[in-house]
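J.: The structure under discussion is supplied below as C-alpha cells; questions concerning it will follow.
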Amino acid sequence: MLIFKRMLLVFGALFSFAAAGSAFAADGQPSPWQLGFQKAATPIMEQITSFHTFVTVIIVVIALFVLALLVYVMVRFNENSHPLPSRTAHNTPLEIAWTVVPILILVAIAIPSFRLLFAQYDMPSPDLTITATGSQWYWTYEYPDHGITFDSLMVQEADLKEGQPRLLTVDREVVVPVNKNVQVGVKANDVIHDWAVPSFGIKLDAVPGRLQSTWFRAERTGVFHGQCSELCGRNHAFMPITVRVVTDEEFAAWLEKTKAAANDTGDTSKLAAAGKQN
Amino acid sequence: MAYGAQAHADAHHNDHPTGWRRWVYSTNHKDIGTMYLIFAIVAGTIGGVLSIAMRLELMNPGMQIFGDAELFNVFVAAHGLIMVFFMVMPAMIGGFGNWMVPLMIGAPDMAFPRMNNVSFWLLPASFALLLMSLFMPGAPGSRGVGAGWTLYAPLTTKGTPGIAMDFAILSLHLAGASSILGAINFITTIFNMRAPGMTLHKMPLFAWSILVTAFLLLLSLPVLAGAITMLLTDRNFGTAFFDSAHGGDPLLWQHLFWFFGHPEVYILILPGFGMVSHIVSTFSRKPVFGYLGMAYAMVAIGVIGFVVWAHHMYAAGISVNTQAYFVFATMVIAVPTGVKVFSWIATMWGGSLSLRAPMLWALGFIFLFTVGGVTGVVLANAGVDRSMHDTYYVVAHFHYVLSLGAVFSIFGGWYYWFPKMTGYMYSEFTAKLHFWLMFIGANITFFPMHFLGLAGMPRRIADYPDAYAGWNMVASVGSYMAFAGMIVFLFGIAQAFTRKLHAPANPWGAGATTLEWTLSSPPPFHSYETLPRIK
C-alpha cells in the first residue's frame, strides 16, 4: 500500500510539473510535454478553456465510472467466484435511469456550450480589419484601411534566429494592437487552407471563392503562433501563422514604417491600394 | 420437366466445387466470407505498414524517412482509405456478416449467392486500382493521392491534376458498388430467409447490427458515388460542381462527402456492437440484457447518424445556427450509445465471467469505445471544436472508436468464431499476448494524441514544431508495440493451423446460444439440410 501511495505521489508530482511546465513556457506556442490548451490570450479562448475543463471533468468521471463497473464485474462476477449466472435480462427502472441521466448530463453540457458558440459569433464592431489569404503554401495579409499588403512565408530552418521556433516562424508577421477587436477576413486562392491561432481560440477555413470572417481581441502583447489547419498539399505543414500583438503606439509606428517601406520600394500595386483607401 | 437433367447436373456441380473454381466462382456464403476475411487481413497489414511508416517519420521532429512531404500525405490518404474500405468493412460486413448472418438466422445461404460473388470480386479490383494510384502522377511533381480519405475539393480537382486521383475515384466507385450489392443481399436475406419462428424480435443482435448497417450502406453510398462522379466530371469534363469560380462550391463536396462519411463511421462500428453483444453474453453465460433496447439503440444510432454530418464542418464557415443544430443532433447520439454500453455491463452483472481471449477483446472494446465516445461528446460542441478541429485530438478520438473500437471488436469476433470457421482452436496464450500487446500499444499510441491535439498540433502534417516531439516519440513507440501485436496475430493463425487442435461444435459452453453453435466446426459446406425451427 505504501508503495502504491508513493507511486501516486510521484505521478501527481509529474502531472503537476507537466501542467505547470506549460503555464511557464513560452507564450503563444506549444511547449514540450504539454497536456492542455495553450494559454488563452483572448476572452473567447478563456471561455473555450473553462468550458473544456468543465466537460473534461464530466467525461473523465464517466469513463472512470464505466471502468470501475467493468473491473467490478470482472472481479465480482468472475466464474471462479460466481459460478452460477443469474438470468436477469430486464430491469425497467434501471433502463429508464441510464437513458434519462445521460440526457440530463447532455443538457448540462449543452447550456454552456451554446453560450460559448454564440459568443464566438457575437462579433463586436471591429477596430481593425485585416484579411488573410491562403495560397499554396503561404499567407498573404492585407490591411485594407491602411493600404498594406504583404506575403508571409515560413522561415527555413537554416535562417532561424536564436529563440525562433522551427516551423512556426514567418518572415513577416501580422501586427495588431492589443485590446482591440480585430476582424479577420479569410479567403483562399487555390485550395482550402485554414487560418488558426490556438491561443486566440479561432480557426476558420479559407475557402476559394468565399470571404469568411472571424475575430479576436488579444488581451496581452506578445507573439502568437498557429499553423494551417486544413490539408492543402505538399507543404501543408510549412505555412505557419504568426501574429504579433503590440501596444497602440508600437502599432502606429509599425503602420508608418510599413507604409513608408512600401512607398520606398515603389510598389505601385500597394500604392494604388493605399490611394484607393484615401 | 425438360430441364430436369440440366438442373440435376447443376445441383451436382454446385454441390461442392473444388480447386480454384470453389473460390473464384464461389456462391457459398462461408467461402465468400473466408475470402473477405483473408482480403481484410492482407489489406489491413498493408494499411498497418503505412501507419508504421508514418509513425517512424513522426517519431522525431524534422524529415527523416519521407524525402517529400507530399509522399507522407499520400500515405495518410492511403492508410485511411485502406483501413475504412478494405479492412474494417470487408472484415465486418463481408467477412463476419457473410459467414454468420445466414448461420445465425438459420438460412441455407445468402439470398443472391451470385451477387455475393460479384460483391467480393469487385473488391480486389477496387483495391488494385487504389494501389495503382500510389504509383501514378498525382499532385504536381509527385505520385499518388495526398488529399486524405476525405478527398476535399479543390485539393482533389485543381490541386491534384494527375491521373492518380481518377484511379482513386474509380476505386471508390467499385468499392461502393460492391458494398451496395452486399447491402441489398443482406437486407433481402434478413427480411426473407429467417428460419421458421425467428421473428425480427427474436433475431440475434449481430444480424440486427448487419441489417442496420446494410440500410446505412444502401442509403449513404449512392451519395458518395454521386459526389465522386461529380468530382470525376469536374476533373475531366469541364463541369464545375465544386469550383466557386464557375458557380460551384467547395463546401458542396464537404456536405455530400460527410452525408456519406458520417453514416460510414457507424457502418464501421455497428457490426462491432453486434459481435460484442454476443461475446459478452456468451462469456457471461447470461442472455443479453435489454435485447430490444439494444436492437433499437442500433436503429436509433443509424437514423440519427444521417442527420449529424456537418459536425465535421464546424470550421468550414457554416452559419452559427447551422452549427447549433448539429451540436444538438450530435449530442443526441450519446444517449443510445450510452444505452448500449450500460446494457453490456448489465449483461455481465450477475453473470459468470470467463475471461477467454474473445471476452478480453470485448471488454477492451467497451472501455476504449467509451473513451472514444466521451471525447466525441467533447468534439460535438462546436464552440470547443473550434480549438480541436483538425488537430490530433480528433485523430485520437476517431482512433479510439475505430482503431481501438472497431478493430478490437473485429479481433474479438475473430477469436470468438475462429473455432467455428476453421474447425481449429486458437492458442489462448497467443491470443492473449496479441490482446495485451495491442491494448497497451494502441493506448500508448493514441492517448498522448489528446495532449498533442489540445496543444494545437494539426493533423496530417509530415513534420511538426519541436515542442510536440515528446508525445510523438511516445506515440511512435506505442505503435511499434501494437504492430508487434499484429505479428503475433498472424503467427497465431499459422500456429492454429499447424497445431490442428480440433474444435467441438460449441467450444464456449452454455452461454453460446445462437444457431451457428448447433452446427459442426467447421460447418458443412451446405449449412442446414433441414431448416431449424425457433420456438
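J.: Please enumerate, by chain and number, the lysines with C-alpha under 22 Å from the C-alpha of residue A:39, excluding those fewer than 8 residues away in the same chain.
T.: In chain and number order, the partners are A:180, A:203.
J.: While we're looking at this one, here's another question. Have a look at the DSSP beta bridges in region A:86-193 and tell me what percent are antiparallel, nearest 5.
T.: Percentage antiparallel, nearest 5: 60.
J.: State the answer as a single residue: which of B:478, B:38, B:424 lies farthest towards the positive end of the charge dipole of the protein assembly as shown, with beta carbon charges of +1 for Lys and Arg and -1 for Asp and Glu, about the Cα centre.
T.: Checked the options; the winner is B:424.
J.: Right, next: Find out how many positive minus negative residues lie around residue B:413, taking Lys and Arg as positive, Asp and Glu as negative, among other residues whose Cβ is under 14 Å from that of residue B:413.
T.: So the environment of residue B:413 carries a net charge of +1.
J.: A further question follows. Testing the spin-label approximation: label points 7 Å from Cα along Cα→Cβ at residue A:179 and residue A:74. State their distance in nm.
T.: With each label placed 7 Å out from Cα toward Cβ, I get 5.5 nm.
J.: Residue B:99: net charge of surrounding residues, Cβ under 13 Å, Lys/Arg +1, Asp/Glu -1, itself excluded?
T.: -1
J.: Could you work out the local net charge near residue B:508, counting Lys and Arg as +1, Asp and Glu as -1, over the other residues with Cβ closer than 15 Å to its Cβ?
T.: +1
J.: Checking buried surface per residue: for region B:457-486, which residues lose a minimum of 20 Å² accessible area in the protein assembly relative to the chain alone (1.4 Å probe)?
T.: Buried by the other chains: B:458, B:460, B:461, B:463, B:465, B:466, B:467, B:468, B:470, B:471.
J.: Moving on. Is there a simple number for the mean count of other chain Cβ atoms within 10 Å of the Cβ of residues in A:37-45, and what is it?
T.: 2
J.: In addition: Out of the DSSP beta bridges found with both residues in the protein assembly as shown, what percent are antiparallel (nearest 5)?
T.: The antiparallel fraction comes to roughly 70 percent.
J.: Next question. Using a 1.4 Å probe on the protein chains only, how many percent of the accessible area of chain B belongs to carbon and sulfur?
T.: 72
J.: In peptide A:86-97, what is the residue-averaged number of other protein chain Cβ atoms found within 10 Å of each Cβ?
T.: 5
J.: Summing -39500 (n - 2.57) over the DSSP H runs of n ≥ 4 in chain B and dividing by its residue number, what mean residue ellipticity at 222 nm do you reach, to the nearest 500 deg cm²/dmol?
T.: Helix-only estimate at 222 nm: -22000 deg cm²/dmol.
J.: List the accessible area buried at the contact between A and B, summed over both sides and calculated with a 1.4 Å probe, in Å² to the nearest 100.
T.: For chain A against chain B, roughly 7400 Å² becomes buried.
J.: With the contact rule set at Cα under 8 Å and sequence spacing of 6 or more, what percent relative contact order holds for region A:128-275?
T.: 27
J.: Sticking with this structure for a sec: Kyte-Doolittle cut-off 0.0, length cut-off 15 Å along the helix's own axis using Cα: show which whole DSSP H helices in chain A pass.
T.: A:2-24, A:43-76, A:92-120
J.: Just want the answer: with Cβ charges of +1 for Lys and Arg and -1 for Asp and Glu, which residue in B:29, B:130, B:116 is farthest toward the dipole's positive end in the protein assembly as shown?
T.: Farthest towards the positive end: B:29.
J.: With r as the distance between the Cβ atoms of residue B:201 and residue B:513 and R0 = 22 Å, compute the FRET efficiency 1/(1 + (r/R0)^6) and round to 0.05.
T.: The computed FRET efficiency comes out at 0.90.
J.: Moving on to the next point. Could you provide, to the nearest whole Å², the per residue accessible area of the protein assembly as shown with probe 1.4 Å?
T.: For the protein assembly as shown, the per-residue accessible area is 38 Å².
J.: Then there is this: Heavy atoms only, probe 1.4 Å: what % of the accessible area of region A:128-275 goes to carbon and sulfur, would you let me know?
T.: Within region A:128-275, the accessible surface is 48 percent carbon and sulfur.
J.: Still on this model: Under the rule a/c < 1.5 gives rounded, and otherwise a/b versus b/c splits prolate from oblate, where does the protein assembly as shown land using the Cα gyration tensor?
T.: In terms of gyration-tensor shape, prolate.
J.: Here is a follow-up. Nearest 500 deg cm²/dmol is fine: what mean residue ellipticity at 222 nm does chain A get from its DSSP H runs of n ≥ 4 alone, each adding -39,500 (n - 2.57), divided by its residue count?
T.: Rounded to the nearest 500, the figure is -14000 deg cm²/dmol.
J.: Still on this structure, I have one more. With an 8 Å cut-off on Cα pairs and a minimum separation of 6 or more residues, tell me the relative contact order of chain A in percent.
T.: Relative contact order for chain A comes out at 19 percent.
J.: How big is region B:258-355 on each of its three principal axes, counting only the C-alpha atoms and giving the largest first in Å?
T.: So the three principal-axis extents are 52, 22, 20 Å.
J.: If you average the sequence gap of Cα pairs under 8 Å that are 6 or more apart and divide by the length of chain B, what percent do you get for the contact order?
T.: 17 percent.
J.: From other protein chains only, count the Cβ atoms within 10 Å of every residue's Cβ in B:309-321, then give the mean.
T.: 4
J.: So which helices of chain B fit the span-like rule, where a helix is a whole DSSP H run, its Cα atoms reach 30 Å or more along the axis, and its mean Kyte-Doolittle is at least 0.0?
T.: Membrane-span-like by this rule: B:29-58, B:113-133, B:164-192, B:205-236, B:250-284, B:320-348, B:357-380, B:428-455, B:469-499.
J.: What shape does region A:128-275 take by its C-alpha gyration tensor, where a ≥ b ≥ c are the square roots of the eigenvalues and a/c under 1.5 counts as rounded, a/b above b/c as prolate, and the rest as oblate?
T.: Rounded, since a/c falls under 1.5.
J.: Taking the Cα centre of the protein assembly as shown as the origin and placing charges on Cβ (Lys, Arg +1; Asp, Glu -1), which of B:17, A:160, B:302 is farthest toward the positive end of the dipole?
T.: B:17
J.: Hand me the tally of lysine pairs in chain B: alpha carbons under 17 angstrom apart, and the pair either on different chains or 8 or more positions apart.
T.: Step by step, the pairs that qualify in chain B add up to 5.
J.: Could I ask something else about it? Just give the residues from region A:108-122 buried by at least 10 square angstrom of accessible area in the all-chains context relative to the isolated chain, probe 1.4 Å, and say none if nothing qualifies.
T.: Those are A:109, A:110, A:113, A:114, A:116, A:117, A:118, A:120, A:121, which lose 10 Å² or more relative to the chain on its own.
J.: Might you report the magnitude of the Cβ-based charge dipole of region A:128-275 about its Cα centre, with Lys and Arg at +1 and Asp and Glu at -1, to the nearest 20 debye?
T.: Computed about the Cα centre, the dipole is about 280 debye.
J.: Please pull out the direction-averaged projected area of chain B, using the convex hull of its alpha-carbon atoms, in nm² to one decimal place.
T.: Convex hull of Cα atoms, orientation-averaged projection: 25.9 nm².
J.: Related question: In debye, nearest 20: dipole of chain B around its Cα centre with unit charges on the Cβ of K, R (+) and D, E (-)?
T.: About 1360 debye.
J.: Only bridges with both residues in region A:128-275 count here: give the DSSP antiparallel percent, nearest 5.
T.: 70
The values are calculated or read from the model by the stated rules, or taken from the named source; none is laboratory data. The model shown is predicted, which means the values in this text are computed figures rather than measured ones. When we count neighbours, we look across all protein chains shown, and the Cβ atoms used for this are built from the backbone with ideal geometry, even at glycine. These area figures cover heavy atoms from the full protein model, side chains too; ligands, DNA and RNA do not enter into them. Shrake-Rupley method; radii C 1.70, N 1.55, O 1.52, S 1.80 Å.
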